[in-house]
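**Student:** Got a structure for you, questions after.
Values in this text are rule-based calculations from the coordinates and carry no lab data. The model shown is predicted, which means the values in this text are computed figures rather than measured ones. No Cβ is skipped: glycine too gets one built from the backbone with ideal geometry, and neighbour counts run over all protein chains shown.
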Amino acid sequence: MFAERVLSGMRPTGSLHLGHYHGVLKNWIKLQNEYPCLFFAADWHALTTQYDDPRGIEQATREMVIDWLAAGVDPKKATLFIQSQVLEHAELHLLFSMLTPLGWLERVPTYKDQQEKLSNKDLSTYGFLGYPLLMSADILIYRADKVPVGEDQIPHVEFTRELARRFNHLYGREPGFEEKAKEAVRKLGSRNARSFEQLRTRFQQDGDASAVERARALLQEAQSLSQTDRERLLGYLEGTGKTILVEPGYLLTEASKMPGLDGQKMSKSYNNAIALREDAASVTQKIRRMPTDPARVRRSDPGDPDKCPVWPLHQVYSDAECREWVREGCRSAGIGCLDCKQPVIDGILKEQAPMRERAQTYLDNPALVRDIIADGNARASELARETMRDVRAAMGLGYRQGS
Ligand code: TRP
Ligand code: SF4
């Protein structure tokens, strides 16, 4: 079938912070060693909420991509690109808009949530409502089967799956589909054909998930099938039609455990963040100024790490021995808070050192970043164009292929 592929996007919010690193980027860096990966800056997505003030999106995109590279996202392994530079996303979004019932969009939970949350903005726009559709286009245009996302984005991936199914159902049925499918079943040979029909019935009548898996495996292994017949039968099996668009799965990214300077989750909007490439003096100062257990008014007052926002940072940055030293020293007032904070400062600076170094290369040589993105845009476009050929043909717009 289609190749394994990971795709993920990030809205350009400008410089990233250590929460992004621990939550998202470390995961991307792991994935780039395991699968072909595409990572993109979702700049059109930024416009869905920021249409009234688009200045800054370009700069934010640049900063963000430099942070990806600084963190260790490797352009030799992963394709890095910018959404708005691959126009096919917009074409697919438009075509999807034709077949998407309004109710589907209105029911996406983030739609009402975000409108309420960002009540200072007028988000009763067409683009904002269509946000999940744009995200679906982002995913489906690359036939990505693995989409790493945070929990909040899961409804969007579910939406994408439903849309792919609807698309395949509507357009995956070439004329004479049933006959062609039955013909292909015969090509399996009588024994396999019988098993396939039984499994198909069990799935379609009883929704038996293990049956559909066994039938899929049977098709994968059937040497006698052409690729076209295999796709046909996958569609026949599930009652969808030929697979033109691949239903994506998601890889849930665990919520970042990275705490902010006030003990809440690290977030730019809470003003409690440390930037990925923040300079050493500023990091030191921010940590030294962090509030601690309020019970420790004087150096001689014992404290409780569980009531202190510095403690969760030790859980990220310190080894067991150091953590023991903190717990013991805090409770007995054996150590002062500045002593306690030093290993955290050291840990953060050590983590940032290679990032700062990598970033410097790119800051000194902006053409390098431009080339990486241009390269990525070109590679992404090539994949997107392939899918669009099939999509156009399926929707009766295959002019360019002369069909
Ligand atoms: N909606 C995602 C977010 O706000 C960003 C995004 C856009 C995305 N398109 C995507 C993520 C496609 C994964 C795949 O975080
Ligand atoms: Fe917090 Fe450490 Fe001070 Fe205890 S010693 S209150 S854990 S900073």
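**Student:** Going by how many other beta carbons lie within 10 Å of each one, how would you line up TRP28, TRP325, TRP104, fewest first? Before the final figure, lay out the partial values.
**Tutor:** Working: TRP28 21, TRP325 18, TRP104 15.
Ascending number of Cβ neighbours within 10 Å: TRP104, TRP325, TRP28.
**Student:** Could you give the angle, 0 to 90 degrees to the nearest 10, between helix 177-186's Cα long axis and the longest principal axis of the Cα atoms of the chain?
**Tutor:** 90 degrees
**Student:** By count of other Cβ within 10 Å, fewest leading, how are THR387, THR361 ordered? Write down the numbers at each step before the final one.
**Tutor:** Numbers: THR387 20, THR361 13.
Lowest to highest Cβ neighbour count: THR361, THR387.
**Student:** If you wrap a convex hull around the C-alpha atoms of region 277-364 and split its volume per residue, what is the figure in Å³? Each step should come with its number before you reach the end.
**Tutor:** On the way: hull volume 7.1 nm³, N = 88.
Value for region 277-364: 81 Å³ per residue.
**Student:** Please enumerate, by chain and number, the lysines with C-alpha under 22 Å from the C-alpha of LYS187, excluding those fewer than 8 residues away in the same chain.
**Tutor:** The reachable lysines, counting only those whose Cα sits under 22 Å from LYS187, are LYS242.
**Student:** Roughly what percent of Cα-Cα pairs across region 102-147 reach past 13 Å?
**Tutor:** Considering region 102-147, 59 percent of its Cα-Cα pairs are separated by more than 13 Å.
**Student:** If the limit is 18 Å between Cα atoms, which of LYS26/LYS117; LYS265/LYS286; LYS77/LYS146; LYS30/LYS76; LYS26/LYS146; LYS307/LYS341 go over it? It would help to have the intermediate numbers written out before the result.
**Tutor:** Values: LYS26/LYS117 29 Å; LYS265/LYS286 16 Å; LYS77/LYS146 16 Å; LYS30/LYS76 14 Å; LYS26/LYS146 16 Å; LYS307/LYS341 15 Å.
Those over the limit are LYS26/LYS117.
**Student:** So what is the 222 nm mean residue ellipticity for the chain from helices alone, if each DSSP H run of at least 4 adds -39500 (n - 2.57) and you divide by all residues, rounding to the nearest 500 deg cm²/dmol?
**Tutor:** Rounded to the nearest 500, it is -17500 deg cm²/dmol.
**Student:** Next question, about the same structure. Under 18 Å between alpha carbons, and skipping anything fewer than 8 positions from LYS257 in its own chain: which aspartates and glutamates qualify?
**Tutor:** Leaving aside aspartates and glutamates fewer than 8 places away in the same chain, those within reach of LYS257 are GLU151, ASP152, ASP306, ASP319, GLU351.
**Student:** Could you tell me which of rounded, prolate or oblate describes region 195-245, using a ≥ b ≥ c as the square roots of the eigenvalues of the alpha-carbon gyration tensor, with rounded for a/c under 1.5 and, failing that, prolate when a/b is larger than b/c and oblate otherwise?
**Tutor:** Oblate, since a/c reaches 1.5 and b/c is not below a/b.
**Student:** Helix 57-71: angle to the longest alpha-carbon principal axis of the chain, degrees 0 to 90, nearest 10?
**Tutor:** Long axis of 57-71 versus the principal axis of the chain: about 80 degrees.
**Student:** Can you put LEU123, LEU233, LEU80, LEU363 in order of Cβ neighbours within 10 angstrom, beginning with the fewest? The partial results should precede the final answer.
**Tutor:** Values: LEU123 20, LEU233 26, LEU80 23, LEU363 14.
Result, fewest neighbours first: LEU363, LEU123, LEU80, LEU233.
**Student:** How many angstrom lie between the Cα centre of region 213-275 and the Cα centre of region 357-401?
**Tutor:** 21 Å
**Student:** Note the angle between two axes, namely the Cα long axis of helix 209-221 and the longest principal axis of the Cα atoms of the chain, as a number of degrees from 0 to 90, rounded to the nearest 10.
**Tutor:** So the helix axis and the longest Cα principal axis differ by about 70 degrees.
**Student:** Okay, next question. Taking amide H positions as placed in the peptide plane 1.01 Å from N, state which residues far from ILE82 in sequence (5 or more) or on other chains have amide H under 5 Å from it.
**Tutor:** ALA41, ASN377
**Student:** Rounded to whole Å, give me the distance from the Cα center of region 1-76 to that of region 145-200.
**Tutor:** Here the two parts' Cα centres lie 31 Å apart.
**Student:** Here's another thing I want to ask about it. Just to be sure I follow: if Rg is taken over the C-alpha atoms of the chain and Rh is the Kirkwood radius over the same atoms, what is Rg/Rh?
**Tutor:** That ratio equals 1.07.
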